[in-house]
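For reference, the structure discussed in these notes is given below.
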Amino acid sequence: MNINTIAKAIFCVALGVSLVSVSHAQNEGPAGAQSAQASHSTKAQRKEARQQARAKKNAELKKLEDAGYNPAKGNDPHYPQDLQSAQKKAGVAGAASQ
């Protein structure tokens, strides 16, 4: 076998593999579309979960601020104590520290 024959054989094998993968992708049809819809609905569910978690944390922070906690203070020397006292006043049991 000479080099031209080997090169032709390699080319044919590579072409065949690429054609098989293209035809396989085309045969997926609606299944591929369903997979895209499933990932889209999963993405929507994750977005909804993030929005709910954010709303819960914002409500909790609002309760703490109403109870006297000010998170905007920089380098507060009474940091752990004032947060803990605001948690006791607001009835939030340490969840804000997570």
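Taken over the stretch 75-86, the criterion of being surrounded by 11 or more Cβ atoms within 10 Å (Cβ to Cβ) and either of a type in the set (S, T, N, Q) or part of a loop (DSSP other than H, G, I, E, B) (or both) is satisfied by D76, Q84, S85.
Only one of the listed residues (A72, A33) is assigned to a helix (DSSP H, G or I) and either at pLDDT 90 or above or out of contact with any helix residue (DSSP H, G or I) (no Cβ under 7 Å at 6 or more places or on another chain) (or both). That residue is A33.
The values are calculated or read from the model by the stated rules, or taken from the named source; none is laboratory data. All values derive from a computational prediction rather than experimental measurement. Heads up, the Cβs are rebuilt from the backbone with ideal geometry, glycines too, and the neighbour counts pull from every protein chain shown.
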